[in-house]
1. Which condition breaks for Ala246 when tested against (1) crowded, with 19+ Cβ neighbours inside 10 Å; (2) within 14 Å of the ligand (Cβ to nearest atom)?
2. Tell me which residues, restricted to the range 227-241, are near the ligand (Cβ under 10 Å from one of its atoms) and not hydroxyl-bearing (Ser, Thr, Tyr).
3. Answer yes if at least one residue in the range 427-435 is surrounded by 13 or more Cβ atoms within 10 Å (Cβ to Cβ), out of contact with any Phe, Trp or Tyr (no Cβ under 6 Å at 6 or more places or on another chain) and either under 23 Å from Ser230 (Cα atoms) or not charged (D, E, K, R) (or both), and no otherwise.
4. Please give the number of the condition Ser305 fails out of (1) part of a helix (DSSP H, G or I); (2) under 18 Å from Pro397 (Cβ atoms); (3) polar (S, T, N, Q).
5. Within the set of pairs 6 or more residues apart or between chains, which connect a residue that is more than 21 Å from Asp107 (Cβ to Cβ) and in contact (Cβ under 8 Å) with a residue 40 or more places away in the chain inside the range 448-466 to a residue that is assigned to a loop (DSSP other than H, G, I, E, B) and away from the ligand (no atom under 13 Å from the Cβ) with Cβ atoms less than 6 Å apart?
6. Does the range 329-355 hold any residues that are of a type in the set (Asp, Glu) and exposed (fewer than 13 other Cβ atoms within 10 Å of the Cβ), and which are they?
7. Please determine whether any residue of the range 86-99 is closer than 30 Å to Asp26 by Cα, surrounded by fewer than 20 Cβ atoms within 10 Å (Cβ to Cβ) and touching a residue at least 40 places away in the same chain (Cβ under 8 Å).
8. Among Val226, Val252, which is the only one that is crowded, with 24+ Cβ neighbours inside 10 Å and either free of Cβ contacts under 8 Å to residues at least 12 places away in the same chain or not in a helix (DSSP H, G or I) (or both)?
Amino acid sequence: MARQHERRTIHVDGEWREAVSGTTRDIIDPADARPFAVVAEGDEKDTDLAVEAARRAFDEGDWPRTPVAERAALLRRVADLLVRDREELGLLESRDAGKTVEEGRVDIDCVADAFRYFADLVAAEAPGRVVDAGSPDIHSVVVHEPVGVCALITPWNYPLLQASWKIAPALAAGNTFVVKPSEITPLTTVALLDLLTEAGLPSGVANIVTGPGHTVGARLAEHPDVDLVSFTGGLVSGVKVAQAAAVSVKKVALELGGKNPNVVFADACATDEGFDTAVDQALNAAFIHSGQVCSAGSRLIVEESVRERFVAELARRAARIRLGRGTDDGVECGPLVSEQQRAKVESYVASALAEGAALRTGGKRPEHLAEGYFYEPTVLDHCHREMKVVREEVFGPVLTVETFRTEDEAVALANDTEYGLAGAVWTADAGRARRVAGRLRHGTVWINDFHPYLPQAEWGGFGKSGVGRELGPAGLAEYRESKHVYQNLAPKPVRWFAG
Ligand code: NAD
């Protein structure tokens, strides 16, 4: 795993290379703002070479035609290698993305789970679906085939996890790919490519180009030899990717941002235990990984009658979250990923205060952590839907508080977003829980919980949170074409034309 020190982080046709231009990029540790690795800074030329290799491996190689059982076995070997390297990869993810090492380890476990899940899914499937054509002389079957060359573009918050939700199903379905990790957190995805080779994946099937979005990412999205682009990232980049991909009519999957409501009814707080759980989970929803989570519960929508008690306790606990370098003992939350990200968070907090929000805690950089991109967990009370901080994705440790009096009002507030990725409802009333969950326009709804996902269950968004789904059977279907094979067992003339 010394690859990040070698500058050869572009993997094309089974070989590690430097960028064609020879350019490199320093990878910064967000906990101290110092470089700790160097990677190749690829551009359009490197991208074209990688797509060419993936195209060749798809059109002429064995992988798309490899029996499903063998593909599944390879994915399981990858999962085993991830478990073997868990400690090293978890640490690398922690340094690269700024999360705690424990979060890094959990990420790697989830990555291994994704590989196992898609291995099991394809291995258990029927090879096709026989269709009743209404005649014993017709044999009609629908089969699945890989899409072809996939471009996989990923963000910096869960670098390897987001990559695995694309790579595992793409490989399970028999595709070849070029992955482009975020330019600021590429290291674990680079390491995964070595594990794929070690597991026995043929050359050219898996390729990686490290480099920026406006060159490598944009070229992948428009490249005529790419058949599918699967993108996870922000709304603005996602729209550009969809526009570029439309020119050559590629399949497109987009996993974009979220502005996720966490709705708390007073009845959930009726007992001390219920109150403690709802506050604890609201804290977790908003501040894990410093809020740099697409499904972060960044909008607390709490019933008016419990607002004061709830927010006071939440702010008290938020102020006690132990910030620091993710690799240090006892640290509960790391820094933001970059100076740019922290500046963005600061500007949202400033705009909220200017628009009338009340600061209950945080709102500044911690004095004891001068190095690195730290920002205090921040709770903004008295927020309303006209505020920028309530409408737009902040992607930082900032929680806004809104209140409601009725169930209808709670649902209206929770759905009042252009996004629709995830949301939660907290209530002790089982009927209300089901009613509200049914009315929320979000791709994942938690009842009395926040954040868990299952590889077996589809993940994705309504509205501007995206197009398509990852995980679950639909997450595999994204990487497939359906083909109807219709065979006439007793052909004879149709006599449509007289002659
Ligand atoms: P980003 O959009 O800036 O970048 C994402 C990726 O796209 C990076 O690899 C980047 O280099 C690339 N890119 C940028 N411009 C591009 C272009 N014009 N063409 C092609 N590629 C381009 O996002 P980010 O800041 O890295 O990640 C944070 C965002 O990701 C947040 O909005 C978050 O909500 C979202 N996200 C969504 C999910 C989900 O499951 N829905 C998961 C994680 C993150």
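Since every read-out is calculated from the coordinates, none of them should be taken as a lab result. Fair warning: this is a prediction, and the values are worked out from it, not measured in the lab. No Cβ is skipped: glycine too gets one built from the backbone with ideal geometry, and neighbour counts run over all protein chains shown.
1. Among (1) crowded, with 19+ Cβ neighbours inside 10 Å; (2) within 14 Å of the ligand (Cβ to nearest atom), Ala246 violates only (1).
2. The answer is Val229, Phe231, Gly233, Gly234, Leu235, Val236, Gly238, Val239, Lys240, Val241.
3. Yes, because at least one residue in the range 427-435 is surrounded by 13 or more Cβ atoms within 10 Å (Cβ to Cβ), out of contact with any Phe, Trp or Tyr (no Cβ under 6 Å at 6 or more places or on another chain) and either under 23 Å from Ser230 (Cα atoms) or not charged (D, E, K, R) (or both).
4. Unmet condition: (2).
5. Phe462/Arg441
6. First pass over the range 329-355, keeping only residues of a type in the set (Asp, Glu): 329, 332, 339, 346, 355.
Listed by number, the list holds a single entry, Asp329.
7. Yes: the range 86-99 contains one or more residues that are closer than 30 Å to Asp26 by Cα, surrounded by fewer than 20 Cβ atoms within 10 Å (Cβ to Cβ) and touching a residue at least 40 places away in the same chain (Cβ under 8 Å).
8. Numbers: Val252 fails: crowded, with 24+ Cβ neighbours inside 10 Å.
Val226 is the lone residue from the list that is crowded, with 24+ Cβ neighbours inside 10 Å and either free of Cβ contacts under 8 Å to residues at least 12 places away in the same chain or not in a helix (DSSP H, G or I) (or both).
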